[in-house]
Each structure stands twice: as structure tokens, then as C-alpha cells.
Amino acid sequence: MISFISQILQKLLKSEENISETIFILPSKRAGSFLLNELSKLNQNHLFAPKVYSIEEFAQIISGLQPIDNTISLFEFYEVYRKLTPEEHREDFETFATWAQTLIHDFNELDRYLIDHNSFFNYLSGIQDINHWYLQKKKTELIKNYLKFWQQLPGYYEHLKESLLNRKLGYQGLIYREAAANIVAYASSVSKKHVFIGFNALNNAEQDIIQYLLEKKKAEIHWDLDESFLKDKEHSASIFINQYLKEWRVYKDQDFTPGVDEYCKEKQIELIGVPKNIGQAKYLGELLSGFEESQLENTAVVLGEEDLLLPVLNSLPPNIQDLNITMGFPLKNAALSSLFDNIFHIHLNATSGFYYKDVISIINHPALHSLLKPAADDFSIRIKKENSVYIASEEIIKNFPEVNQPIIKACFEEVNNIPEKLIANFHILTQEIKDFYRKQENRLGLEFLYQFHVLFNKLENLNTTYPHIKSLKSLQGFYKEIMTTQSLDFQGKPFKGLQLMGMLESRALDFETVIITSVNEGILPSGKSNNSFLPFDLKKAYNLPTYSEKNAVYTYHFYRLLQRAKKVYLLYNTEPDGMNTGEKSRFITQLEVEKRPKHKLIKKLISPKVPALTSGLKEVKKTPEVIEKLRELAASGFSPSALTTYIRNPIDFYYRYVLGVKDSDNVEETVAYNTLGTVIHDSLETLYKPLEGKNLTQNDILQFKKRIPEEISLQFKKTYTSAPMNRGKNLLIFEVAKRYLQNFLQQELNRIKNGDEVRILMIEKNLKTQIKIEALDFPVYIRGKVDRLENTNGITRIIDYKTGKVQQAQLKIVDWDLLASDYDKYSKSFQVLTYASLIKNSLDLSPPVEAGVISFKNLQNGFLKFTKNEKANQRGGGKTELDSEIMEAFQTELKKLIAEICDPNKAFIEKEIKNGNY
């Protein structure tokens with residue numbers, strides 16, 4: 001394959017042109033580099049390299065202006081806006097920036113297409129006036145101000161232009177307009193020949209420049225478009241070039257011979273549908289793994305979506321030895337960017353303190369964690385231990401040693417919405433990280449850090465030159481704006497190995513093998529977008545580009561890439577993904593409909609290999625080590641919670657009690673239900689503990705009721721957090737806890753008033769007792785903490801508090817064999833009977849004895865007693881006294897359960913989950 005650039009150079013060399021005295025202008029710097037490389041290969045003799053410019057550089061030379069970026073243009077525009085707008089009507093910079101960027105883009109378009117701004121803005125102002133005249137006869141002040149804005153646009157444009165030209169500065173459009181105005185003077189000052197190569201869609205300024213040089217015989221232009229497209233006047237790829245051939249004066253005097261007949265030659269084109277973007281990256285790696293080194297040398301991977309760069313780089317196979325990446329690595333994708341984003345976030349959202357998750361994310365960030373160890377780990381543990389949801393700046397700073405103070409202050413010191421302070425802190429932070437990276441010899445990290453250092457310097461300089469950034473929000477906006485334009489250039493061999501680029505970087509370049517990703521509608525082409533104040537029909541009237549012309553640009557780039565390629569792989573996403581509908585691009589449909597005879601189209605749908613997953617229940621056999629752990633558990637005592645956990649799911653018992661796997665210790669932003677239960681239990685223990693061995697009186701309860709707020713508050717501080725419980729859901733839960741105790745104590749008071757004699761025997765007592773199991777050759781104990789033991793009117797009651805809702809039906813049993821099999825139905829019965837076994841084996845209780853639950857969500861039903869019924873549908877009349885018959889029956893089931901847990905031949909087998917429950 002002979003590339004288009006090579007063809008042009010061969011032609012020039014044969015014509016004995018003095019190449020060294022020729023000025024080459026191409027669409028991009030990348031294409032210019034390829035031209036010089038091709039020239040070095042073709043030329044047999046030594047020569048001085050010619051001057052090679054991109055079209056933007058060439059326009060700058062003719063205009064004599066220095067380019068400024070969008071951000072500086074915005075600041076310059078604000079200076080003009082302040083001069084032209086009375087102070088009472090002047091917007092602050094933050095508000096101004098929301099609409100000014102769009103207006104600068106429109107100014108840029110007007111200049112590039114050499115539109116007379118006066119007639120254009122008068123037309124636009126008239127349209128806006130017409131749009132509002134019918135709303136009401138008398139215009140409101142709002143409508144008057146709105147129309148006045150459109151009338152002021154010519155003044156904004158003229159003063160901005162004048163301000164920039166006075167200092168020899170210009171945004172891109174203004175540079176083009178000045179270049180077109182200066183072309184006559186430029187042409188008269190140079191004698192060298194200009195060669196324009198590989199252009200397609202030219203704005204009016206570019207057309208004027210090129211046409212003038214052509215007419216003065218000081219230039220020639222070489223179009224790269226296949227003859228098959230030129231003949232098809234309706235094809236989008238040929239719209240612009242056919243227009244130039246028809247309208248340019250130079251082509252009225254001479255015929256145009258395209259000289260390009262490549263598209264219809266033999267090609268293999270594979271249309272490959274792959275689910276999701278990551279699927280495309282993975283399949284691309286698989287595809288490249290089958291390429292020989294010689295094929296890779298002339299292969300280009302063109303990313304339709306530049307966000308695919310990282311997935312593609314991570315998916316490249318080992319046979320890729322040489323790689324050149326044209327597009328650059330976006331700074332916003334660097335790991336460091338998340339650190340600065342988080343610092344912006346905490347200072348923009350801080351209220352009474354910094355949110356704990358934001359604090360942890362900063363001190364544990366990969367760029368800082370190694371610098372802050374071990375203090376960062378200790379502080380993270382303390383946050384979780386103290387359940388701190390919002391943390392004051394001073395609290396964070398004092399928890400770190402002196403050596404960490406510069407970093408911690410740079411991250412967390414209050415900046416009081418002053419941008420200069422935050423920029424200064426960012427400089428401190430980059431300096432501290434730089435020293436650490438140098439010691440670690442982290443060259444890549446240093447390169448990224450340098451780019452951020454440059455970015456912060458730019459922000460600082462902007463804020464010094466144009467002191468309009470008054471808030472952190474404005475600063476963040478410009479930080480993001482600048483970061484989106486910054487990228488880290490890859491170092492590589494530009495003309496060797498696989499070429500990885502974006503669609504625009506492929507201009508004027510040719511490859512034998514082309515792989516294009518994301519060939520989806522809305523991406524290639526990009527579809528409709530309207531980042532402009534200019535109405536569609538006004539753009540059409542002044543021949544400004546609309547989405548239709550922009551789509552035609554991408555159509556040309558797409559088909560030009562295919563012209564000389566022999567193998568083409570077009571990958572598209574088959575699945576809806578975000579805003580993408582999953583629809584393949586119209587370009588693919590066109591290739592199918594307009595298929596050339598020598599084109600071999602192959603359609604593929606790729607799906608990832610998904611291994612078959614077995615959904616069997618987990619099973620863990622009891623090894624000698626497991627049996628040894630079970631012996632230790634038996635010696636320390638099985639608790640009711642451990643036994644009911646086994647009933648619910650043996651695998652959970654294995655994880656929690658055998659392996660010792662605990663729930664992760666996280667900060668409770670809202671009081672968890674088990675925390676509420678602990679607060680209620682501990683409050684009742686504090687209140688009732690002094691009454692052990694005494695009768696409960698009305699005065700005791702009245703005194704308890706007075707202490708409720710103080711006691712609840714104290715227990716929340718001990719169990720949950722020392723922070724005030726005075727807002728949000730936690731305030732509601734605090735009030736719920738108070739209401740639970742009030743209602744419970746009122747019920748106690750009613751009992752006493754009704755004549756019940758209540759004697760408190762035991763409160764929150766830890767008990768442990770041995771249980772003999774013949775099947776086991778080691779001692780077994782059960783242990784537990786009994787919430788309350790009392791004697792009411794001669795009946796001993798074993799009481800278990802439950803803050804959740806418990807119904808009487810959950811404390812009834814008919815068949816003892818079911819006790820250890822159904823957690824939902826019988827777990828409450830099993831627990832209270834276990835407590836009863838503990839007490840009966842530890843204390844000598846005089847009958848009758850009852851056991852049951854007091855449910856704080858079901859207080860109206862009072863003490864819910866364990867009941868043994870003879871029939872399933874029996875109503876009332878069940879046995880509630882825990883006599884020897886009931887206790888012996890329970891002991892039998894308890895021993896069976898423990899024997900099963902400790903049986904070395906019975907594995908822990910997971911119970912199947914049904915409807916979200918075990």
C-alpha cells in the first residue's frame with residue numbers, strides 16, 4: 001500500500017520541485033510528522049527539511065496573533081462585559097460564566113466563517129423580538145432586559161475583538177479572520193510554494209486563504225477523496241470537496257483529476273457486534289493477539305470513544321512490543337485527580353464538620369496513605385470506634401503527629417471559601433507528595449504531579465491577572481475546565497509499531513489494517529448537539545455548519561480511513577449503555593447497502609465466555625481443626641444466639657463462631673436496630689439493678705420515669721456516639737427510645753396499681769452451666785445473659801426483652817421435633833427455654849416457673865408466655881408452667897442440637913434461602 005502522503009511526495013520529487021523551499025500545510029501536526037518521515041524514506045539525496053505546518057499554525061503565522069485558550073477568552077470577555085454593563089445590572093463572574101462560554105463559541109464560529117457580525121446580530125435580535133411580541137401587549141421588565149441582551153451582542157463582540165487585537169492575541173476564530181484579512185500582504189511577502197494536503201471541510205477563512213494562494217500560483221492543493229465518492233454527488237463524504245470543485249474560481253479554468261481510485265479495490269471488512277464498551281476493549285486485545293509483527297507495523301486502532309483508552313491499554317496482548325499513542329492520557333483519569341476532587345468536595349460541602357467518609361477517602365488515598373501511616377490507620381479506627389459522622393477540622397488536625405501536619409492542614413484546614421487559600425494548600429500538597437515520589441522513584445507519579453503543579457500555577461496566574469474567582473465553586477469550575485483540556489503525552493516511537501489514535505488524529509494518514517471501535521449511532525457520527533445560542537434556521541441562512549455538516553465531516557474521515565485499507569474491523573456496542581442506545585452506526589448500514597463487488601463483508605456477534613456456575617449449597621466438612629475449635633466453644637459455653645444462628649443457617653454459624661469472622665466495623669450514620677436494643681437493655685439494667693432482691697414500688701417507677709431522658713442520652717453516648725442526637729433520623733430514634741421506656745414503665749406502674757406484687761430477683765445476670773451429652777467425650781456448657789428474673793404474685797418469671805415485634809404465636813409449640821428446625825417460628829421459644837435451663841441449673845427456683853418475652857413493639861399484650869399446646873389449632877388452655885416434663889423435653893432437643901453441631905461426621909451444610917429468608 002502506498003499512502004496518500006507518499007503519493008504526493010513522489011509526484012513532487014518527479015517534478016523536480018525544490019522540496020526544501022516548499023511549505024507544506026496539513027490538517028494536523030501528526031500528519032506533518034508522517035510527511036517528514038515519508039520524505040526521509042523517498043529521497044535518495046541529502047536535503048534540508050521543508051517547513052511543515054498544521055493549518056492552525058499556518059493561520060497564526062499569517063495573522064501575527066498569539067492564540068489564547070477558552071479559559072483566558074472567558075476572562076477577557078468578562079473584562080469587556082464589566083466595562084459595557086452598568087454596575088446595577090452586572091452579574092458576578094460565576095453567573096456570567098454559565099452563558100459566556102457558549103457565546104464565545106458562537107463568536108468563534110462567526111469569525112471562522114467570516115460572517116458580518118452587525119447584520120448577523122441584528123437578524124438574531126429581530127428573531128428574539130418576534131418570539132416575544134405576541135406574549136403580551138406591554139413588555140415586562142424581564143422581557144425588556146432579555147431583548148436588551150441580544151441587542152448588546154454586537155458591542156460585546158466588537159470590544160472583545162478590539163481588546164484582543166490591541167495585544168496581538170486571539171481565540172481561534174479571530175486568528176482565522178485576521179489571517180484571511182492579511183493573506184494579500186502575506187502572499188506578496190513570500191515566494192515559496194505552498195502545498196496543502198489532505199483537507200476536506202474548510203471554513204470560509206481557510207477557503208479564502210487557499211483560494212488566494214492558488215490564484216496567485218503560490219500554492220497547490222491535493223484532495224484525498226476516492227473517485228467513486230466524487231461521482232456520487234449525494235454522498236456525505238464528498239459534500240465539501242464537490243462544493244469546492246463547483247464554486248472555487250481556480251477550478252473554473254482547469255479540470256480536476258482526482259487520481260484516487262482505491263476504495264473499490266479488494267477489502268475484507270468485518271462488522272463485529274460486542275456487548276458493552278469493556279467487551280470491545282477485551283475483544284480488541286484478543287484480535288490483536290493474532291496479528292504478526294509485520295501486520296502490526298501498518299495497523300491503526302482508532303477509538304471512536306476516547307474514554308476507551310485505559311481499558312484498551314489494559315487489554316493489549318503481550319505480542320505488542322511497540323506502541324505509539326497519539327491521543328495523550330487525559331489528566332482527569334489520573335489517580336491524583338480524585339484526591340483533589342475530594343478536597344474540593346469536602347470544602348464545598350462542609351457544614352458543622354467534614355463528613356467521615358470524605359475524611360477517610362482522603363487520608364486513605366493511595367497518594368497520601370503511605371505518607372500518613374500509621375496515624376491515618378489509627379484515626380480511621382477511632383472514627384469507627386467513636387462513631388463520628390461529622391468531624392471538625394481542628395479534631396482531624398490534632399490527631400496527626402507534627403511530621404504529618406503540613407499535609408493534613410493542606411487538606412483539612414478551613415479555607416473560608418477563599419480560593420487563594422485552597423490554591424496555596426494545593427501547592428503545599430503537591431510539594432509534599434513530590435518529595436515522597438522522588439524517594440520512591442515513582443517517575444510516572446512525578447509526571448502526573450508535575451501536570452497538576454502546572455494546572456494550579458495556571459489557576460493562580462489567572463486569579464492574579466483576572467481577580468474574578470471569588471468562591472471555591474468558581475475555582476472548581478475552572479479547575480475542571482482546565483483539567484479536561486490537559487493531557488499527558490505518551491513517549492514512544494511515532495512511526496513504529498501499533499498506532500493508537502482518535503478519529504481526528506487519523507486525518508491524512510493511511511494504514512493497511514484499520515480497527516475502529518464504538519461505531520455506534522450517536523458516537524460515529526456524533527448526532528445532534530446544540531451548544532449554541534444561534535437558531536438552526538439562522539445558521540442555515542448564513543451557511544454556518546449545523547449537525548448535518550458535522551456528521552458529513554465524520555463521514556469523510558470514516559470512508560477515507562477505509563480507502564486504502566485492506567483489512568477493516570468495525571466494532572460496535574450491541575447493548576444500551578448510558579445515553580447510548582446500542583444501535584450500530586449508519587456507516588455500517590451504508591457499507592451493507594452500498595457494498596462494492598470486491599468488498600468481502602463478514603458479520604459477527606461476539607459474546608464473552610461465561611463459565612457455568614453451580615448453584616449448589618455450600619458444605620464445609622469438619623476437620624480436626626474445626627472439631628478442636630468446637631471443643632473450645634463448648635468449654636466456653638454455647639450461647640442462645642450461637643445455637644439459633646446454627647438453626648437459621650449452619651454456614652453462618654461456621655463463619656461467625658468457628659472462623660471468627662465478624663461483621664465489618666463501620667460507622668453508623670443512623671442508629672442501627674441492634675444499637676437501639678442495646679441502649680434499651682442497658683438503660684433498664686441501670687434503672688433496675690439496684691432493686692435486686694426488693695419489691696417494685698410505684699415510687700421506684702415514678703423516679704425511673706424522671707430519669708428517662710438523662711439515662712437514654714447517657715447510653716447513646718456510651719453505645720453510639722458522643723455527638724448530640726438532636727437532628728435527622730437519629731433525633732427520631734432518640735425519641736422512640738424514650739417512648740419505649742415511658743410505655744414500658746407505665747405498664748409496670750399499671751401492674752403495681754392493679755395489685756400485682758413484683759419482686760425483682762435478678763437483672764442482666766451472666767450465667768453458665770454444664771450440660772451432659774453422652775454422645776460427646778468432652779464437657780459442654782451453655783451460657784447466656786438473662787435480662788430479668790422476677791416473682792409476680794408467687795409465680796417466677798424468666799423475661800427476655802425484645803425491642804422488635806414479637807407475637808404470642810412465636811412462643812407456642814406443639815411438636816418438639818420442630819423446635820430446632822424452623823428459625824422463624826421457634827427461635828424465640830428456643831431462646832427463652834435456653835435461659836430457663838440456665839436459671840434452673842444455676843438456681844433453686846420454687847415452682848411455678850414461666851418464661852417469655854416482653855416486646856416493646858407489642859406492649860399492649862404484656863408478658864408473652866412460652867406455651868406448650870397439644871394441637872396445632874388449639875386456642876388457649878396451653879401449658880405455660882415450665883415443669884419437669886417440658887424442661888426434660890427441651891433438654892432432649894437441646895442435647896440433640898449440640899451433638900449435631902459437634903458431630904465430626906456431619907458437615908456444616910448451608911440452608912436454602914426462600915423468599916429472602918432462611
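The values are calculated or read from the model by the stated rules, or taken from the named source; none is laboratory data. In this text, all values refer to a predicted model and were calculated from it rather than measured experimentally. Positions of Cβ are backbone-derived with ideal geometry, glycine not excepted, and every protein chain shown enters the neighbour counts.
Numbers below:
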read-out: Options E402, E395, E413, E420; residue that is assigned by TED's automatic domain parsing to the domain that holds L444, acidic (D, E), in contact with a Gly (Cβ under 9 Å, 6 or more places away or on another chain) and free of Cβ contacts under 8 Å to residues at least 60 places away in the same chain; value: E395
read-out: Lone unmet requirement of (1) crowded, with 20+ Cβ neighbours inside 10 Å; (2) in contact with a helix residue (DSSP H, G or I) (Cβ under 6 Å, 6 or more places away or on another chain); (3) farther than 30 Å from I175 by Cα for L225; value: (3)
read-out: One residue from F58, F93 being surrounded by 18 or more Cβ atoms within 10 Å (Cβ to Cβ) and at pLDDT 90 or above; value: F58
read-out: Filter result for the condition that a residue is at pLDDT 90 or above and of a type outside the set (D, E), over K51, K41; value: K51
read-out: Exclusive hit being more than 45 Å from the chain's Cα centre (by Cα), of a type outside the set (G, A, S), over 29 Å from R596 (Cβ atoms) and not in a helix (DSSP H, G or I), set V195, V184, V260; value: V195
read-out: Tally of residues being farther than 12 Å from L534 by Cβ and at pLDDT 90 or above across segment 102-129; value: 5
read-out: Pair list, Cβ < 6 Å and 6+ apart or interchain, from segment 524-550 residues that are farther than 22 Å from H117 by Cα to residues that are surrounded by 14 or more Cβ atoms within 10 Å (Cβ to Cβ) and of a type in the set (S, T, N, Q); value: L524/S585; P525/N551
read-out: Single unsatisfied condition, A392 versus (1) surrounded by 17 or more Cβ atoms within 10 Å (Cβ to Cβ); (2) among the small types (G, A, S); (3) in contact with a strand residue (DSSP E or B) (Cβ under 9 Å, 6 or more places away or on another chain); value: (1)
read-out: Qualifying residue in segment 282-292 (condition: outside the structural domain of T484 (by TED's automatic domain parsing), touching a Phe, Trp or Tyr at 6+ places or on another chain (Cβ under 8 Å), of a type outside the set (A, V, I, L, M) and free of Cβ contacts under 8 Å to residues at least 40 places away in the same chain); value: no
read-out: Verdict on I360 being part of a helix (DSSP H, G or I), in contact (Cβ under 8 Å) with a residue 24 or more places away in the chain and either out of contact with any Cys (no Cβ under 8 Å at 6 or more places or on another chain) or at negative phi (or both); value: no
read-out: Filter result (of a type in the set (K, R), under 60 Å from the mean Cα position of the chain (by Cα) and under 18 Å from K689 (Cα atoms)) within segment 750-765; value: K765
read-out: Y740 closer than 30 Å to I795 by Cα, in a helix (DSSP H, G or I) and in contact with a strand residue (DSSP E or B) (Cβ under 7 Å, 6 or more places away or on another chain); value: no
read-out: Conditions (1) free of Cβ contacts under 8 Å to residues at least 60 places away in the same chain; (2) not assigned by TED's automatic domain parsing to the domain that holds I516; (3) not hydroxyl-bearing (S, T, Y); number of the one not met by P311; value: (2)
read-out: Scan of segment 1-45 for residues that are within 46 Å of the chain's Cα centre (by Cα), among the β-branched types (V, I, T) and surrounded by fewer than 20 Cβ atoms within 10 Å (Cβ to Cβ), ordered by number; value: I2
read-out: Residues satisfying the stated conditions in segment 483-514, i.e. among the hydrophobic types (A, V, I, L, M, F, W, C) and surrounded by fewer than 19 Cβ atoms within 10 Å (Cβ to Cβ); value: L488, F490, F495, L504
read-out: All positions within segment 486-537 that are under 25 Å from the mean Cα position of the chain (by Cα), of a type in the set (S, T, Y) and either on the phi > 0 side of the Ramachandran plot or assigned to a loop (DSSP other than H, G, I, E, B) (or both); value: S518, S526, S529
read-out: Qualifying positions in segment 680-699 - crowded, with 19+ Cβ neighbours inside 10 Å and either out of contact with any Asp or Glu (no Cβ under 9 Å at 6 or more places or on another chain) or not in a helix (DSSP H, G or I) (or both); value: I680, L696
read-out: Segment 648-676, residues that are touching an Asp or Glu at 6+ places or on another chain (Cβ under 8 Å) and not in a loop (DSSP other than H, G, I, E, B); value: P650, I651, T675
read-out: Candidate set from segment 843-877 (those that are surrounded by 14 or more Cβ atoms within 10 Å (Cβ to Cβ) and of a type in the set (S, T, Y)); member that is farthest from D756 (Cα to Cα); value: T867
read-out: Set D253, D322: member being at pLDDT below 90, more than 34 Å from the chain's Cα centre (by Cα) and of a type outside the set (F, W, Y); value: D253
read-out: Count of segment 798-826 residues which are among the basic types (K, R), surrounded by fewer than 19 Cβ atoms within 10 Å (Cβ to Cβ) and over 19 Å from I680 (Cβ atoms); value: 1
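Residue-wise test of (1) over 43 Å from the mean Cα position of the chain (by Cα); (2) among the hydroxyl-bearing types (S, T, Y).
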| residue | (1), (2) |
| --- | --- |
| G637 | yes, no |
| T645 | no, yes |
| E669 | no, no |
| T675 | no, yes |
| T678 | no, yes |
| P690 | yes, no |
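Quick grid of which residues meet (1) of a type in the set (A, V, I, L, M, F, W, C); (2) assigned to a helix (DSSP H, G or I):
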| residue | (1), (2) |
| --- | --- |
| I5 | yes, yes |
| L13 | yes, yes |
| N45 | no, no |
| E57 | no, yes |
| I72 | yes, yes |
| Y78 | no, yes |
| A97 | yes, yes |
